[in-house]
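Data block below; observations after.
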Amino acid sequence: MKDGFVRVAAGSPELRVADTRFNGEKILEMMREMAANGAKIAVFPEMCITGYTIQDLVFQPVLLQGAMEALQKIAAASDGLDMLTVVGLPVACKNSLYNCAAIVKNGKILGLIPKTHIPNYGEFYEARHFASGKDICEQISAFGGEALIPLCANQIFSAKDMPDLCVGVEICEDLWAPNPPGTELALSGATILVNPSASDEVVGKAEYRRQLVAGQSARLVCCYIYCDANWGESTQDMVFGGHNIIAENGVILAESTRFEGGAIYADVDVGFLAAERRRMNTFRSHAEMTRQSFTMRRDSLDLHRFVDPMPFVPSDPAKREARCEEILSIQAHGLARRLMHTHAGCAVVGVSGGLDSTLAMLVAARALKIAGLPAETLLAVTMPCFGTTNRTYQNALKLAQGLGARLKEVRIGDAVKQHFLDIGLPETDRSVSYENSQARERTQVLMDLANMHGGLVIGTGDLSELALGWATYNGDHMSMYGVNASVPKTLIRYLVRYCADKTDNALLREVLLDVLDTPVSPELLPPEENGEIAQKTEDLVGPYELHDFFLYHMVRRYASPEKLLRLANVAFAGKFEGDFIEKWLKTFLRRFFQQQFKRSCLPDGPKVGTVTLSPRGDWRMPTDAFATLWTEFDRRRTGF
């Protein structure tokens, strides 16, 4: 339960139609298995105590009595399991029957949820047997005792000490209906929606079911646990497959193989779901709900959840290729619109032979084509200085040639030395002033050339650099349109690689591949004696893999520093040690807060993903915010 994670399960046990005693025992067996595996929420299929396909046997008092007796045993056995369990059965109340889900915990039945939407089409004819539970709100005594059990569709079940863990129930057809009750449940705070279901198998239905569950979890920003009837149901006219699905905010975390039965598990991040809803002002409750509370231990959870070390980069090659094309199109069309609106005569890019400026050149070439401008209106400016290596210099020249751009070389060494004299900086000084003077001189050259040619300076800085403040204020930090501003460094590599793979220009492909093989560097310090790059960015600020991971999970998923460490240790197990990860997390947090002033005055740039740091868009942060609560996680961890 730590860090907002909770393990949930969906299980389709073996059953015999109408044999409530047998079914109850099989449900209990699976409940114990789920609890032993750390599940805190367990969901079983619709009508699983009797079997969904009992047809007119549901009118028999002996069956109804047998179902309630089985439920009583299940409830009693739940004492000590510390697991909220949802099981399906028919329930009689006054003059009607209801298709219900029973919620049991700690030896008690907390509530009965009746099905709202009763299907009566195709192979389903539930209206023959059941009434809709939409308007019913009763208290029933199921076992002849004094304790009354609420029978009502508008119920939510919440953990006393974990306000973000809140469970709502809808049953089978409720999900397929145009107005699912899960909507009101989610608006009223349910972060986990469960669906005991009995959905038969026909050709194509599994994929539709999968899309429906994933879509509902995304639309309602929830975990959706869909538990389907097993193939032990009667095959008189239908076959069931036990197709269980657990989805979180549009992502399927676990899915069963049909016709196999058994249980599936997933570790759900309810902390993220609750935080995401608070960000979205469309989640406001307007329904009256009966709230039932339960207690649950805060057990330590050994996280069994895939944590992607590259959250910005799809692991599937086909999806990654599609993502690259989409991002390049967004970047290029954004820049094309800006060029056309300003009647710019050219696009000016400072090309260094590094990754970021290479991507900016590729985007600019696309944008000019969209805007109907010739390739030579791309003005590539190379500005060699003290740290420029022959490798990056040659790559800059080849890249301009490969794209058909105009090339202008401006050697800025003498101008920078004159500036050192003007401000009294010794040439032997290697401080930040030495480095930043070069970056600002380059920016001045680019701005003045843009003025001369009636063009726009295209920014090359990326999202990862903005997060760390790894940019010279009013130097490479500034441009007239920053095409890479919301593209993280880990993704830029794949965008450049995608362009290399797609081009039939041999020279362009050659240079792009060599750029990919070049260490990331601002090249502001003189090269080594052998001519190699002396200043490698990741040696100074840490691996971009880690920083992009921290950025995604802190900004997009609201993770605390403790949670960031935990997730990173899972994602990078076997690659980075815990102390190494913690060291660079501290660097990330310190720089992220200290360098906000650079992000507060960013140039315009296109948003391409769900994480961006534009002060006019997704990220609005005070420049003078203190990082104390984030950087003191050592103190919290040691209990001081």
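The values are calculated or read from the model by the stated rules, or taken from the named source; none is laboratory data. All figures in this text were calculated on a predicted structure; none of them were measured in a lab. Positions of Cβ are backbone-derived with ideal geometry, glycine not excepted, and every protein chain shown enters the neighbour counts. Accessible surface is based on the protein model in full, side chains and every heavy atom, while ligands, DNA and RNA are left aside. Shrake-Rupley method; radii C 1.70, N 1.55, O 1.52, S 1.80 Å.
Annotation for region 372-457: trypsin sites (Lys or Arg not before Pro) lying in DSSP loop with at most 15 further Cβ atoms inside 10 Å of their Cβ are 411, 430. Assuming charge only on the beta carbon of Lys and Arg (+1) and of Asp and Glu (-1), the dipole of the chain about its Cα centre is about 1240 debye to the nearest 20. Adding -39500 (n - 2.57) for every DSSP H run of four residues or longer, then dividing by how many residues the chain holds, sets the calculated 222 nm ellipticity at -11500 deg cm²/dmol.
Neighbours of residue 617, meaning other residues whose beta-carbon lies under 15 angstrom from its beta-carbon, give a summed charge of +4 when Lys and Arg score +1 and Asp and Glu score -1.
Across region 293-434, the fraction of Cα-Cα pairs farther apart than 23 Å, rounded to a whole number, is 58%.
For the chain, averaging the sequence separation of C-alpha pairs within contact (under 8 Å, six or more residues apart) and dividing by the residue count gives a relative contact order of 11 percent.
The charge dipole of region 417-483, taken about its Cα centre with unit charges on the Cβ of Lys, Arg, Asp and Glu (plus for the first two, minus for the last two), comes to roughly 60 debye. Counting Lys and Arg as +1 and Asp and Glu as -1 over every other residue whose Cβ lies under 14 Å from the Cβ of residue 448, the net charge comes to +2. Which pairs in the list 502/563; 489/563; 105/575; 160/583; 115/205; 489/575 are over 30 Å apart, alpha-carbon to alpha-carbon? Check vs 30 Å cut-off fails for 502/563; 105/575; 160/583.
For region 303-358, the carbon plus sulfur part of the accessible surface works out to 56%, probe radius 1.4 Å. Using only alpha carbons, the chain has a radius of gyration to Kirkwood radius ratio (Rg to Rh) of 1.10. If R0 equals 22 Å, the separation of the Cβ atoms of residue 626 and residue 597 corresponds to a calculated FRET efficiency of about 0.95. If every alpha-carbon in region 182-284 counts as one equal scatterer, what log10 I(q)/I(0) does Debye give at q = 0.20 1/Å? Calculated log10 I(q)/I(0) at the listed q: -0.94. Among residues other than residue 367 with Cβ under 11 Å from its Cβ, the summed charge is +4 (Lys and Arg +1, Asp and Glu -1). Its Cα gyration tensor gives region 251-360 an equivalent ellipsoid, and the semi-axes of that ellipsoid, as √(5λ) in whole Å with the largest first, are 44, 23, 15. Here the contact order of region 171-283, divided by its residue count and restricted to Cα pairs under 8 Å and six or more residues apart, works out to 22 percent.
One compactness figure for region 19-147 is 1.03, namely its Cα radius of gyration divided by 2.2 N^0.38 Å.
Here region 546-640 is treated with +1 on each Lys and Arg Cβ and -1 on each Asp and Glu Cβ, and its dipole about the Cα centre works out to around 140 debye. Relative to the longest principal axis of the C-alpha atoms of the chain, give the angle of the C-alpha long axis of helix 390-403, reported between 0 and 90° and rounded to the nearest 10°. Taking Cα atoms only, the helix is inclined about 70 degrees.
Helix 355-370 versus the longest principal axis of the chain: what angle, 0 to 90°, nearest 10, using Cα atoms? Here the helix axis deviates by roughly 90 degrees.
Solvent-accessible area of region 382-526 (1.4 angstrom probe, protein heavy atoms only): carbon and sulfur portion equals 49 percent. One Cα centroid belongs to region 300-358, the other to region 218-241; the line between them spans 39 Å. For the chain, the solvent-accessible area with a 1.4 angstrom probe is 42 square angstrom per residue. Summarising the amide proton neighbourhood of residue 82: residues at separation of 5 or more, or on other chains, whose placed amide H is nearer than 5 Å comprise 106. Beyond 18 Å, the tail of the calculated P(r) for region 305-369 holds 50 percent of the Cα pairs. For region 102-164, averaging the sequence separation of C-alpha pairs within contact (under 8 Å, six or more residues apart) and dividing by the residue count gives a relative contact order of 31 percent. Between the alpha-carbon centres of region 179-196 and region 1-58 there is a gap of 20 Å.
Looking at region 280-314, the trypsin sites (Lys or Arg not before Pro) that sit in a DSSP loop and have at most 16 other Cβ atoms within 10 Å of their own Cβ are 284, 297, 298. Semi-axis lengths, largest first, of the ellipsoid equivalent to region 446-506 are 24, 19, 7 Å, with √(5λ) applied to each eigenvalue of the Cα gyration tensor.
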